[in-house]
């Protein structure tokens, strides 16, 4: 025969469960904080730091960057974040304000090519490209970067049943490529040595 067991009043059982749960939550929060702190120390110890604005070797730049171009807008923002003064090109009949460096955009274009089709002739894969050709000269006219083309390519699978989603993905890939080109261009500008 089994001995009768006494059960604590239901109010004290709930209080004990709540206390145990709080200890478990506190322990998990403490472990998460310790892991985050350990990761921070490990990253700091290896020299990792968030990328800030690049330090450019010139204080002013004149360019024919279009305000309607995604690359132009992003590049202007990056240059201003780096502390570079953007000098606007002079209008006809006006004197040209001096600038240490002149960036001339020679060509900027997006391309879209079909690279794969199905057996019934439907598009299956596209290749997207962004080309950006430019040159950089010093304020005295010396070539710092000769005519140079930066090219980014991405492949995109295509499904005619998902046209709207694929259009959004295509636009996202174009923006990603344009951002990559701006980062490459900023690194090249950081490496030049003006007069």
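Annotations for the structure displayed:
- Tally, over segment 185-195, of residues that are loosely packed, with under 14 Cβ neighbours inside 10 Å and in contact (Cβ under 8 Å) with a residue 24 or more places away in the chain: 4
- Selected residue (only one of 137, 142, 124 is surrounded by fewer than 12 Cβ atoms within 10 Å (Cβ to Cβ), in the same structural domain as residue 77 (by TED's automatic domain parsing) and more than 26 Å from the chain's Cα centre (by Cα)): 142
- The strands (runs of 3 or more DSSP E) falling completely within segment 76-195 that include 3 or more residues that are more than 30 Å from residue 55 (Cα to Cα) and either in contact with a strand residue (DSSP E or B) (Cβ under 6 Å, 6 or more places away or on another chain) or modelled with pLDDT of 95 or more (or both) map to 101-117, 123-138, 143-157.
- Against the numbered list (1) surrounded by 15 or more Cβ atoms within 10 Å (Cβ to Cβ); (2) closer than 16 Å to residue 75 by Cα, residue 176 comes up short only at (1).
- Test: residue 143 is without any contact (Cβ under 8 Å) to a residue 40 or more places away in the chain and within 26 Å of residue 193 (Cβ to Cβ): yes
- Just one residue in the set 151, 164, 156 is farther than 25 Å from residue 85 by Cβ, surrounded by fewer than 12 Cβ atoms within 10 Å (Cβ to Cβ) and assigned by TED's automatic domain parsing to the domain that holds residue 80; that residue is 164.
- Flag if residue 178 is in contact with a helix residue (DSSP H, G or I) (Cβ under 9 Å, 6 or more places away or on another chain), touching a residue at least 12 places away in the same chain (Cβ under 8 Å) and assigned by TED's automatic domain parsing to the domain that holds residue 96: yes
The values are calculated or read from the model by the stated rules, or taken from the named source; none is laboratory data. As the structure is a prediction and not an experimental result, all values here were calculated from the model. Neighbour counts are summed over all protein chains in view; Cβ atoms, including those assigned to glycine, are modelled from backbone coordinates with ideal geometry.
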